[in-house]
């Protein structure tokens, strides 16, 4: 009985081990949620979908890569699209931390207003659990911070700055390629 219990513990620990070292990881991170915005005194409530696509090369404990992030509003054509580079730490088990720098970001408020010349950063922590030999599921919490220095309204460009800060929980689905 004691040996069967030990066998189960060792088997379970090998199943849950992420074991992603020396691989390339493609992940889809997404969530659907309600949001409250305050843009220069204009308050809005929206229902939005946030989605990140990441491609990370994981070496022993350290990772680097790129990401594309977008946010879409269900009630209008408002949304954000951003892309950037990533660096991170991946443990032997399931835990990871990433820091992303967004090289470019655009945030569309409505049909006529868009914030451009944006950049930003994101810090996230999460975990991935192995489902099959190359498929993982997990959760992460992301802190995103975007800054914009130009606004286009009806074809007219002005130097109006805006910032957006978000804390977002997301579901993760990932595929590992050796």
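Rule-based calculations on the coordinates, nothing more; no lab input. Fair warning: this is a prediction, and the values are worked out from it, not measured in the lab.
What share of all Cα pairs of the chain, in percent, falls into each consecutive 5 Å distance bin? P(r) for the chain, in whole percents per bin: 2, 8, 15, 19, 15, 12, 9, 7, 5, 3, 2, 1, 1, 0, 0, 0. The mean sequence separation of alpha-carbon pairs under 8 Å and at least six residues apart, normalised by the residue count of segment 89-131, gives a relative contact order of 44 percent. Under the rule a/c < 1.5 gives rounded, and otherwise a/b versus b/c splits prolate from oblate, where does segment 103-178 land using the Cα gyration tensor? It is prolate, given that a/c is not under 1.5 and a/b is the larger ratio. The relative contact order of the chain, computed from alpha carbon pairs under 8 Å that lie at least 6 residues apart in sequence, is 19 percent.
For segment 53-134, the alpha carbon positions stretch 48, 25, 17 Å along the principal axes, listed from largest to smallest. Per residue, the chain reaches -3000 deg cm²/dmol at 222 nm when only DSSP H runs of four or more residues are counted, each adding -39500 (n - 2.57). Using a Gaussian network model of the chain in which every pair of alpha carbons under 10 angstrom is joined by a spring, one finds that among 137, 125, 167 the greatest mean-square fluctuation is at 167. Helix 2-16 against the longest principal axis of the chain: what's the angle in degrees, Cα atoms only, rounded to the nearest 10? Approximately 30 degrees, to the nearest ten.
Spatial offset of segment 30-68 relative to segment 114-178 amounts to 3 Å, using the alpha carbon center of each.
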